Every structure is written in structure tokens, then in C-alpha cells.
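Notes for the one structure printed next.
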Amino acid sequence: MTPFTNAPDLALYAVRALMALGILVVTGELLANWRDHAEDGFSGWRLLRQMLERHRGGPLLRFAVSLVSPGRFEGWLYLRGGCAAALLVPTLPAPAVLTALALLFVTDLLVSMRLLFSKEGSDRMVRMINVALLLVALAPGEPHVREAGLAFIALQGCLAYFTAGFWKALGPRWRDGQAVFLVFNTRTNGARPMAAMLARQPWLTRLLSWSVVGVELLFPLALAGGPTVALAFVAWGVVFHATNALVMGLNSFFFAFAATYPAILYCAEHGVRLP
């Protein structure tokens, strides 16, 4: 028997599950690369502790810093992964959902304070989705709260794409069509075979660069053009983020933005008025 009695509940579960999958992937990556966060690692605890205490000192901060010492930080990661795994269960009782979302919010703040050098836009997206789901979970029996939560997530997703496209359009390398080639040609997130192919096909580089800018700028139309238009934008987003994940290793972006898609599709289908 399905635990979902209506479309908003199903959409909210889809958002929750995709967000949780992304958190599990990121948490697994952090635990797999634990040496980077050890005492003498790339994100060494000793250096970060000195930075936090020197620039933002105070008793309260020193207490907070003590919460993310190496041993405790690893514990928070396991707790974060456990809460994310629990949220994948469709029949999870409402109090357990609320507890898991609250713990995810707390552990997110602790992990963000600990990882000063590895924050991304996907982290902020996950945090906003987490907060929206947490507020909805505080009033599980209110249909207007559910729809407001879905509307907020949908609007946030579309605004994130529009903002990204707007700033890309202001960049000279995006306007002259070289940005995609330059991204693939980087050492950290690039793909040399793809960069070599684009170097031989400058027209394709320009086409890809401007198509990314154009689709991102037009993404809010997903909420105004009806279900078919929304599905087209969502399909582009899946292909775009999946390609970035496979080629550049940006796994967190795939799940963070895909988690907004059920809300976008729901709002496009049911005509929910955005707050």
C-alpha cells in the first residue's frame, strides 16, 4: 500500500529522497577521503581551528569549534548519512521525518563550519531545500503548508538557474563562446579529450556555451509554460547535470538541483500560486 494519499505528498517525498541521495553521496565521498580532513591533511584540523578562533573568537565559537574536532566531525558525518538514509524510507512516520530533517540541518551547519574550503552552490541549495522540508514537516496536516513548501522549492530552483545564466551572460568568455572549452580544459574538473574535440570544433563550443546561458535564463518559464514546457526544462537539467557529474565529477550538483524538479513539475501541473 502506498503511503502517499495525494500528489503533494508524493512530490514532497520525491524532493526528500533526491536530496537525501545527494547527501549520502557527498557524505560517502567525505568519509572515503577522510585523510584530507585529518590533522595534517589538506583540510587539516589544526589550521582550521586556528583560523576560526583567531578571526571569529569568543567562548561560544570556541565551544562550537570543539564540536567539529576530528573525532566528533567523523561522528557527525555518520549521523548525517544515517538521517539521509532514513529519509529514503517512504513509510517513515512523520515524527521521524521531522527529527531526521532537524538533525540534517544541525549537522549541515557543523560540516559547513568544518569544511571552510570546499563549499559549493549545491550546498546552499540543499540547505534551503532542507529548511523548506523541515518547515513543512512541522505542520504535516496542513495542505497549504505543503503547497507553499513545494512552491518555494520550485521557485528557488528556477531562480538559481536564472541567476547562474544572468552572471554567465555578463562574463566575456561566455559571450564569446569560449567558456565551455575553458571549463573542460582545466586541470581539476576538466576532461582533456572533450577539450581537444572542442578545440577542433569552435562552432560547437560557441553553441554549447550560449545554449547553457540561454536555457538557464529561460528556466523560470518552466513554471509558466505548463507541464510539457516544464518537462522539457527538467529533461535538459537532468542531461546537463548528469554530464557534468560524469565528466567533471560534480555529483552534488546533480542531486541538489534534481531535488527541485519534482516541485517544479508539480507546480507546473497544478498551477500552484507561488508565494
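The values are calculated or read from the model by the stated rules, or taken from the named source; none is laboratory data. Treat the numbers as computed from the prediction; the structure is a model and nothing was measured. Cβ placement follows ideal geometry from the backbone for every residue including glycine, while neighbour counts extend to all protein chains displayed.
Summary table below
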{"item": "Qualifying residues in segment 221-275 (those that are of a type in the set (Gly, Ala, Ser) and not in a helix (DSSP H, G or I)) - the one modelled with the highest pLDDT", "result": "Ala259"}
{"item": "Flag if Asp36 is over 16 Å from Ser66 (Cα atoms) and modelled with pLDDT under 65", "result": "no"}
{"item": "Answer from Ala160, Ala151 - the residue that is in a helix (DSSP H, G or I), within 19 Å of Met19 (Cβ to Cβ), in contact with a Pro (Cβ under 8 Å, 6 or more places away or on another chain) and hydrophobic (A, V, I, L, M, F, W, C)", "result": "Ala151"}
{"item": "Test: Val131 is in contact (Cβ under 8 Å) with a residue 12 or more places away in the chain, of a type in the set (A, V, I, L, M, F, W, C) and crowded, with 20+ Cβ neighbours inside 10 Å", "result": "no"}
{"item": "Identity of the residue in segment 242-275, among the small types (Gly, Ala, Ser), in contact (Cβ under 8 Å) with a residue 40 or more places away in the chain and farther than 28 Å from Phe184 by Cα, that ends up surrounded by the most Cβ atoms within 10 Å (Cβ to Cβ)", "result": "Ala263"}
{"item": "Complete set of residues in segment 221-242 that are more than 21 Å from Phe254 (Cβ to Cβ) and of a type outside the set (A, V, I, L, M, F, W, C)", "result": "Gly225, Gly226, Pro227, Thr228"}
{"item": "Failed item, numbered, when Leu198 is tested on (1) surrounded by fewer than 17 Cβ atoms within 10 Å (Cβ to Cβ); (2) without any contact (Cβ under 8 Å) to a residue 24 or more places away in the chain; (3) farther than 17 Å from Arg16 by Cβ", "result": "(1)"}
{"item": "Unique match (being surrounded by 21 or more Cβ atoms within 10 Å (Cβ to Cβ) and either at pLDDT below 95 or among the charged types (D, E, K, R) (or both)) among Ser112, Ser122, Ser118", "result": "Ser122"}
{"item": "Matching residues in segment 212-241 - criterion: being under 19 Å from Val180 (Cα atoms), surrounded by 15 or more Cβ atoms within 10 Å (Cβ to Cβ) and not hydrophobic (A, V, I, L, M, F, W, C)", "result": "Glu216, Gly237, His241"}
{"item": "Scan of segment 97-137 for residues that are of a type outside the set (A, V, I, L, M), within 18 Å of Trp76 (Cα to Cα) and part of a helix (DSSP H, G or I), ordered by number", "result": "Thr99, Phe105, Thr107, Asp108, Ser112, Arg114, Asp123, Arg127, Asn130"}
{"item": "Some residue of segment 162-172 being among the basic types (Lys, Arg), within 21 Å of Ala256 (Cβ to Cβ) and surrounded by 15 or more Cβ atoms within 10 Å (Cβ to Cβ)", "result": "yes"}
